[in-house]
Each structure stands twice: as C-alpha cells, then as structure tokens.
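Here's the structure, in structure tokens; my notes come after.
The values are calculated or read from the model by the stated rules, or taken from the named source; none is laboratory data. Quantities reported herein were computed from a predicted structural model and do not represent experimental measurements. Every residue, glycine as well, gets a Cβ built from its backbone with ideal geometry; the counts of neighbours run over all protein chains shown. When the accessible area is computed, the model is the full protein with side chains, heavy atoms only, and any ligands, DNA or RNA have been set aside. Shrake-Rupley method; radii C 1.70, N 1.55, O 1.52, S 1.80 Å.
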Amino acid sequence: MINIIVELSKYLMIILMTSYTFLCFSIFGYQDPDKKKSLLRQQNVLMFMIHIIAYLVMYLEKEDIKLLAFYLMQVVLFGATILLYTNIYPRVSRLVVNNMCMLLCIGMIMLTRLSYSNAVKQFVIAAGGVAISLVVPVVIRKVKKLSEWRKVYAIIGIVSLALVIVIGSVSYGAKLGFQVAGINVQPSELVKIVFVFFVASSFKQSMAFKDIVVTTALAAFHVLILVASKDGAALIIFVVYLVMLYVATRQPLYVLAGLGAGSVASVGAYYLFNHVRNRVVAWKDPIASYSGSGYQVAQSLFAIGTGSWFGMGLFQGQPDTIPVASSDFIFSAICEEMGLIFGLCMTLVCVSCYVMFLNIAMQLRNMFYKLVALGLGTCYIFQVFLNIGGVTKFIPSTGVTLPLVSYGGSSILSTLIMFAIIQGLYILREDEEENLERKKKERLRAERGRGEVKKRARKTADVPQRAKRSRPAGQAPRKEKARPQQRVR
C-alpha cells in the first residue's frame, strides 16, 4: 500500500509543480489586481499541497513522529513569512515572496530526505534569515545615502575576502570560510551583495574613464582574491561586473575587453591551478576519470538518468551516493527522486524570479537603485546557471550552491537578504509611481483651474463687446427716464 502511495505521490507533485510554474508566468499577462491576487493565492495552495504530500510520504516510509513535528514547524514558518511580508509591506511583490517560499520548501523536503539534522540546521538559519529580511526593505526605503558609501563597500569586501585567505579553513581543496563560535561563515556569499552596492555607487558618483579604470581595478582585486581562495564566486562577481558596466556605460567595447581579459585569465588558470584542470577533465569525459575527478559529475549524471522524467519517488532512489548531494549536487538528488520535470519546473521558477528582478530594475528611475536591482538579479540567476550547468555537465563544475535550495547557512542568509533588497526596491518603485500619479493629478487640477480662470476672464471681456455690437451704428446709447419721486405722506 505504501509503495502505491509513493508512486502516486510523485505524479501528483509533478502536476502541482507544473501548475505552480504555469501561474508564475501567466500572472504577467494580467493587469487586474483582483485576478492577480487570486492566482497568487492559488500558488500558495499548490505549494502547501506539495509540502504536505512530500512529508506524508516521508512519514509513511520512516514512521518517525519527528517528521510530522518538523513539518508543522515549516508550515508555521512559510505561513508567517507570507503573512508578515504582505501585512507589513502591502506593496510587496507577492510573486517574489511566493517563489522564495516555494524554493525554501523544495530545499527543506530534499534536505529532510537526505539528512534530518542538516534540515533542522537549515530551518533554524532560514527562520533567522526571514526575520532579518523583514527589516531590510525598511532600510532600503528610509536610508537615502546608500549610494554615497562607496569606500565602505570596497573596504568591507576586500577585507572580508582577505580574511578568508589568512585564517580560512580548507574544505574540499578550497578556502571558503572560517568558524565563529562553532558556526561556519562563508564571507563570499555576503560579499557578492556588498560588491553590487560598491559597483552601483561607483558608477552613480562618476562615469569618467579614470574612475571606471579605478572601479575595474578594485573589482579585479575582488576576483583575484576569490581565485586564490579557489572559490567559484569569482566567476559570478566577474560576470556581474561586466553586466553592470555595460548597462551603466552602454559601451560594447568595455564588455569585449572584459571578455577578452576573462578568456586569457581562464586559460592561465587552467595551466596554473591543478583543481581547474581537474574540473575541465571531469567535464570533458567524467566516465574516463570516474575513479578520480570525474566521480562527482558521473554520479550526478547517473542519478538524473535513473530518475528520468518522473523520478523514482521519495526514499526510492540512492541520492546518498552523490558526493555533497545536500549542497552542490542537490539538483541531481531532486531529479532522481522527484523527476526531471519537477527539476525543470523548479528552474523555471528561478527564471521567473529573474524576470521579476529585471522588471523592477527597468522601471526604477534612480540609476543607483537600477544598477543594484540588475546586479543582484544577475548574481542570482548566474549562480543558478552555474550550479545546474555544472551538475548536468553543461559546463565545468564550479562548486557553487543552488540558492535557497542547497544546504548552507551563509548561502541561504545572503539569498534571503538579496530577495529582501529586491523587495525594498520594488516598494521604492511603487512609491515612485504613486508620486508621479499624484503629481500628474495635481498638474491636471492646476491646468483645469487655470482654464476656468481664463474662461471667466474671456467672458468678462466679451460682455462690453457684445453690448457695443448690439447698437446700430451712430446711435447714442439711450438714457433711462427719470422716475418720478413719490411724495412722502
């Protein structure tokens, strides 16, 4: 009986996930606010249905009451996140909130399947991250001098990354972070956000060629530190800077020069760093190097192929055989047990987030905020591309996580803050539109008032003219006869 339920559940979850993904894009075609609210509520229902089905299956497989208690805690977290965002910030983007909760939900399901202890840690960090993210839109909206802190952003970014080289611990051959009070901290995750603010403030203050060269040099210094640490975030920061540079300057020559320099640096890294060569070899033919560097990618491809379109069902596959399945290769684990269709729909949900980020960036009038929205959106979607492209052998693996889905405290915290900043920018955009609408109404009211005054003045000026035209030519105006005075008796 349990096997039948597990088999049916995977198809039902795929149908629900497909419906959710369809609503992510169909919402853009509606202008009616009531219709949009209805579709967004449908998304919430679909998410909670996927959530309860997955945990019901896991409970039937494990018969552990802890899973039900953990499920209820997650329901409270997701419900509170949606209610708090929509009540504290009525103008918030509900689609971004829904997608954020949906990706967290998928991550919690798969992490619970892989490691209950890691899932609990992820839940605690996610709850703290949501609490912090609720404050961020207020900061974005109220603090007006964010664009003036260029030097502060540069110092924070460079010092944080340099600290990793000095005291960082080696993990899987790379220096990614260090421990503070027993908690692993990966500064590069938060530095990505600080770096976007640094570049946006630099371009806002000056677009002179000399200042662009200085900004480029500091950005290259960020990248070099990350390369020395063997951190995959170096490629993310490089691409984000090129995109922001092109949007700010509209000079294709700068982008071509950056791509050329990046290509030369990539070739140099291939010959200088052994870990880069190993990843390229694993990407070219993971089966040939199965006993060495190709083992991770090969196991990932085996898992995706085994799951096929509809998946094996929860606890029916072997995602534990994939190295670091809970972090770097969680997409492979999802595809093996929940199906490739489910994984593709999850990818499209990430794309819909990026579309919303671009929509916000294009409608912002302030250059600083526009560049921040564009930079954070590019940072997010490019990290998704690097993760999924690496586990599917589309590109060499870079070791970055899948935002909001993979296990990792620093990653989930930085992504929640990133989404909260986008929400703050969305609220700023709504404020701008409201101010423009109010000014338009005031201008129309003033023009209407001036029109009434001119009309009255015209009428007043026309009265003598009409009286003069009504008399025959040469005729003097008639004098009124004096009325006889009445005697007072």
TODO: Quick one: pull the percent of accessible area on region 295-398 belonging to carbon and sulfur, 1.4 Å probe, ligands and nucleic acids left out.
DONE: 68
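When ranked by the protection proxy of mean other Cβ atoms within 10 Å per residue, highest first, what sequence do the peptides 236-244, 418-426 form?
Details: 236-244: 23.0, 418-426: 25.1.
The densest-packed peptide leads the list: 418-426, 236-244.
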Open item on the list: I need the phi-derived Karplus couplings for region 321-328: 6.51 cos²θ - 1.76 cosθ + 1.60, θ = phi - 60°, integer Hz, Gly and Pro marked x.
Closed with: 6, 7, x, 6, 5, 7, 10, 5
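Summarise the accessible area of region 1-55 (1.4 Å probe, protein heavy atoms) by the percent that is carbon and sulfur. The partial results should precede the final answer.
Working: 2040 of 3000 Å².
Roughly 68 percent, rounded to a whole number.
With every protein chain left in place, what is the accessible area per residue of the chain in square angstrom, probe 1.4 Å?
Details: 24970 Å² over 489 residues.
In whole numbers, the chain has 51 Å² accessible per residue.
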Task: R0 of 41 Å, Cβ-Cβ distance Tyr254-Lys142: FRET efficiency to nearest 0.05 - done: 0.75
- [ ] Go ahead and estimate [θ] at 222 nm for the chain from helices alone: -39,500 (n - 2.57) per DSSP H run with n ≥ 4, summed, over the residue count, rounded to 500.
- [x] -26000 deg cm²/dmol
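Got the relative contact order for region 1-103 handy, in percent, Cα pairs under 8 Å and 6 or more residues apart? If you can, show how the numbers build up before the last one.
Details: 51 pairs, mean separation 29.0, N = 103.
28 percent.
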- [ ] Note the angle between two axes, namely the Cα long axis of helix 409-469 and the longest principal axis of the Cα atoms of the chain, as a number of degrees from 0 to 90, rounded to the nearest 10.
- [x] 10
Task: Where labels lie 7 Å past Cα in the beta-carbon direction, separation of Ile65 and Phe310 in nm - done: 3.6
Task: region 68-80 - phi-based ³J(HN,Hα) in whole Hz, Karplus 6.51/-1.76/1.60, Gly and Pro as x - done: 5, 5, 5, 4, 5, 4, 5, 4, 4, 5, 5, x, 5
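Per 0.36 nm of contour for each residue apart, how much would the distance between Arg450 and Val76 grow if the chain were fully extended, relative to their Cα-Cα spacing?
On the way: separation 374, 0.36 × 374 = 134.64 nm, distance 5.71 nm.
Extra length available between Arg450 and Val76 comes to 128.9 nm.
Tell me the carbon and sulfur percent of the accessible area for region 242-285, rounded to whole percent, probe radius 1.4 Å. All intermediate terms of the calculation are to be shown ahead of the outcome.
Working: 1900 of 2870 Å².
Whole-percent figure for carbon plus sulfur exposure: 66.
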Task: Shape of the chain, Cα gyration tensor, a/c cut at 1.5 - done: prolate
Open item on the list: What FRET efficiency comes out for Ser266 versus Phe221 if R0 is 22 angstrom and r is the Cβ-Cβ distance? Round to the nearest 0.05.
Closed with: 0.75
